[in-house]
Amino acid sequence: TPGTSQPQNDMFADLDEVSWAKGYIVSLANRGILSGKGDGRFYPGASMLREEFVKVIAAACKIDISSEHADFSDVADGAWYAPYIAACVNADIVNGTGDGRFGIGATITREDAAVMIVRALEYAGVESASAEENFADEREISSYAQEAVKKLRKLGIISGDDNGNFKPKAAISRAEVSKIIYGMLDIIGG
């Protein structure tokens, strides 16, 4: 399985701290979906920014990034992330923060990541039912994200921590992103 297999080449020097995610990270990096920070490290425990997450989704879903204009006040035309955001807006995967902004520079929360992953699955033609079992911290999940979280749980893409919590408001780490993107691709056959 990807979470336990050992890569033939150690492409990032800092993956031993997240042995559970090493296979996911290496697999996605080999496919050009994830990358490090250019210094030979992946920074698996670091939080992922919203614009970085959208780039990963666009790459994973092979969404056409030919458009560079996204109608958000904080997304400058010509910025490295603009075509990825525009593509994901056109694919109905992202909506922004609701105030005319995308949220450039902000970390993505676990619940927002769940919503975008469900929309990416729908973009790929995958529909799913919700899980019947709730997380222990279900009441902390925003109403707009509850259905997405339940769907990803039913699909086996997300699971709770040792106490059964989802931690919806917490920033998602780069290692956690590797797991959910790998899970999404496993379902859509990517």
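The values are calculated or read from the model by the stated rules, or taken from the named source; none is laboratory data. Every value quoted in this text rests on a predicted model; they were computed, and no experiment measured them. Here Cβ is always computed from backbone atoms with ideal geometry, including for glycine, and neighbour counts include all displayed protein chains. We work out accessible area using only protein heavy atoms, side chains counted, and drop any ligands, DNA or RNA first. Shrake-Rupley method; radii C 1.70, N 1.55, O 1.52, S 1.80 Å.
Worth pointing out:
- Per principal axis, descending, Cα span of the stretch 86-182 in whole Å: 37, 29, 26
- Per residue Cα convex hull volume in Å³ - calculated over the stretch 1-137: 148 Å³
- Per-residue SASA entry for SER66, accessible area with 1.4 Å probe, Å² rounded to 10: 90 Å²
- Cβ-placed point charges (K, R +1; D, E -1), dipole of the stretch 40-129 about Cα centre in debye, nearest 20: 380 debye
- Electrostatic dipole magnitude of the stretch 116-175 [Cβ: Lys, Arg +1; Asp, Glu -1; Cα centre; debye, to 20]: 240 debye
- Those chymotrypsin sites (Phe, Trp or Tyr not before Pro) in the stretch 44-96 that DSSP places in a loop and that have at most 15 other beta carbons within 10 Å: TRP80
- Potential extension, LYS37-GLU17 segment - 0.36 nm per residue separation minus Cα distance: 5.5 nm
- Of the GluC sites (Glu not before Pro) found in the stretch 75-160, those that fall in a DSSP loop while having at most 14 other beta-carbon atoms within 10 Å are GLU127, GLU132, GLU133.
- 222 nm mean residue ellipticity, helices alone, for the chain (DSSP H n ≥ 4; -39,500 (n - 2.57); rounded to 500): -11000 deg cm²/dmol
- In the full protein context, the chain carries 49 Å² of accessible surface per residue, based on a 1.4 Å probe and ignoring ligands, DNA and RNA.
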